[in-house]
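Chemist: The structure that follows is given in the form of structure tokens.
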Amino acid sequence: MPLTKDAMRDALASVPGTDGASIVSSGALLWTTVCDTYASIKIEAGAGASKQDLEALSQRSRAAIEHLAQQNNTRLDSFIVEYVDHAGKVVHTSRFGAMTSVPAGTTPPQAASPKPGPGGAPAGHTPIGGLKQPTPQQNAGALPNVRHVIAVGAGKGGVGKSTVALNIAVGLARRGHSVGLLDGDIYGPSMPTMLNLAGLDAVVHQGMLQPFFTHGIKAMTIGKLVDTDKPLIWRGPMAHGAFKQLTEQTEWGELDYLIIDLPPGTGDVSLTMAQMLQLTGAVVVCTPQKVAQDDAVRAAKMFQQLGITVLGVVENMSGFIADDGKHYDIFGRGGAEQMAQRLNVPFLGALPITMSLRANSDSGNPTANFAGTDAPGTRLRDALEAMLTNLEGQVALASMSSGKQRPTLSIS
Ligand code: ADP
């Protein structure tokens, strides 16, 4: 039987904290998350607790969760204990996990590679264009055990598409969902840096790539499988094969959401994705300037042409918030919202430029974006939460209209 959050909480009730009281009854246990065999908990570190105290508490918690896993006859592949101070800042992390490791640079297990069809395109590529053709989405299959697949795209690079994809993934995980993040930007993968995967090796278990479990999400990126210092040159069929392997040969397990960070533009990977996977929808990221909007319109129209619902537009870099809380409209503001209105698609929200967002991305610490306490930090956190709430709403609407979820009426 798989682990559940409630069962984990019950098991942890017998674990004494650094003050000797149960971490559950004292309120020190802030949250538990579990994605099948990957579990993590967050504990408020008591004032004055040393690193040794915290490590000892991590061991006690681990023993309780391992015991629970044994009772449930299930595997526990990874267990992470994150300690935060009273302001929510992470002060210590303990990670446990033991899996068979393959060094970076080893080719992942081979999928049947796509045979080029006429003209060099992978067999099965449907020409897009005329509405009379079925859209690629109409023939796409579902990823087993994944409820919602959401692609994040942008008309061009550098607008913050990966940043938005990552913060959507981490933000949804913080809301208690089990979330996977696929770095589909095979030409320029940024997740090894943004998730701080340095020092971790890609792992294959029984022929399947094991996702990296970090910051409460499961992630997979080609950046940990190939040497990214060399230019990644993929012809159409190769891009198709690489994306397909990453998606299908990663052991995602059960997920509420799989977020896919697409390459910028309107290329091969988007078409492959649309043919392969039933999506709940796509998010388009755009900066406020007019030139950026023109590209974003093309990205939104591409999704629509592929038969993918546009869940909404996010305006990134919507003004800069300085340390004193003052707002500077560097690239302008509001342009993406107008564009969304013009396209008749939802507007999901605007994220400001903050120094901390850039620094947290470079240092691979996305959870810190949700724990800011200074003026720019709180504005960023509020903006991220508002975007997530809007996105969850659009996902619910899209699922209802596609019949995945129906409203229920209970009369008593
Ligand atoms: P893309 O995926 O569109 O190419 P990235 O997400 O990689 O763009 O972002 C490009 C750079 O801009 C990264 O260094 C990232 O940290 C930074 N960045 C993105 N959005 C913001 C923001 N709102 N505030 C500060 N820095 C940002």
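Chemist: Based on the alpha-carbon gyration tensor of the range 184-230 and its eigenvalue square roots a ≥ b ≥ c, which shape applies: rounded if a/c is under 1.5, prolate if not and a/b is larger than b/c, or oblate? Provide the component values of the computation, followed by the final result.
Modeler: Details: a/c = 1.71, a/b = 1.22, b/c = 1.41.
Judged from the Cα gyration tensor, the range 184-230 comes out oblate (a/c at least 1.5, b/c at or above a/b).
Chemist: Moving to a separate point now. Short version: ³J(HN,Hα) in whole Hz for each residue of the range 329-337, in order, from phi by Karplus 6.51 cos²θ - 1.76 cosθ + 1.60 (θ = phi - 60°), x for Gly and Pro, what are they?
Modeler: The phi angles translate into 7, 5, 9, x, 8, x, x, 5, 5 Hz.
Chemist: Rounded to the nearest 5, what % of DSSP beta bridges with both residues in the range 139-401 are antiparallel?
Modeler: Values: 8 of 40 bridges.
Antiparallel: roughly 20 percent of the beta bridges in the range 139-401.
Chemist: Given Cα pairs under 8 Å that are at least 6 residues apart, what percent is the relative contact order of the range 270-412?
Modeler: Working: 218 pairs, mean separation 31.1, N = 143.
Contact order relative to length: 22 percent.
Chemist: Can you give the relative contact order of the range 171-311 as a percent, counting alpha carbon pairs under 8 Å and 6+ residues apart?
Modeler: In percent, rounded to a whole number, it is 27.
Chemist: Between beta-carbons, use under 11 Å as the cut-off and find the net charge around Leu391, counting Lys and Arg +1, Asp and Glu -1.
Modeler: On the way: positive: Arg175; negative: Glu385, Glu392.
Counting the neighbours of Leu391, the net charge comes to -1.
Chemist: With +1 on the Cβ of every Lys and Arg and -1 on the Cβ of every Asp and Glu, and nothing else charged, how large is the dipole of the range 5-101 about its Cα centre, in debye rounded to the nearest 20?
Modeler: Values: 9 positive and 11 negative charges, 23 e Å.
Computed about the Cα centre, the dipole is about 120 debye.
Chemist: How would Asp227, Asp77, Asp323 line up by accessible area, probe 1.4 Å, largest first?
Modeler: Numbers: Asp227 75, Asp77 20, Asp323 110 Å².
Ranked list, largest accessible area first: Asp323, Asp227, Asp77.
Chemist: Taking the Cα centre of each part, how many Å lie between the range 49-101 and the range 329-347?
Modeler: 43
Chemist: As a test, work out the antiparallel percent of DSSP beta bridges whose residues both lie in the range 1-85, rounded to the nearest 5.
Modeler: 50
Chemist: With charges set only on the Cβ (+1 for Lys and Arg, -1 for Asp and Glu), what does the dipole of the range 139-401 come to about its Cα centre, in debye to the nearest 20?
Modeler: I would put it at about 420 debye.
Chemist: For the range 309-367, which trypsin sites (Lys or Arg not before Pro) are in a loop by DSSP, counting at most 11 other Cβ atoms within 10 Å? Provide the component values of the computation, followed by the final result.
Modeler: Numbers: sites: Lys326, Arg333, Arg342, Arg358; in loops: Lys326, Arg333.
Counting only loop positions with at most 11 other Cβ atoms within 10 Å, the trypsin sites (Lys or Arg not before Pro) in the range 309-367 are Lys326.
The values are calculated or read from the model by the stated rules, or taken from the named source; none is laboratory data. Note that this is a predicted model, so its numbers are computed, not measured. No Cβ is skipped: glycine too gets one built from the backbone with ideal geometry, and neighbour counts run over all protein chains shown. All accessible areas refer to the heavy atoms of the entire protein, side chains included, with ligands and DNA or RNA removed. Shrake-Rupley method; radii C 1.70, N 1.55, O 1.52, S 1.80 Å.
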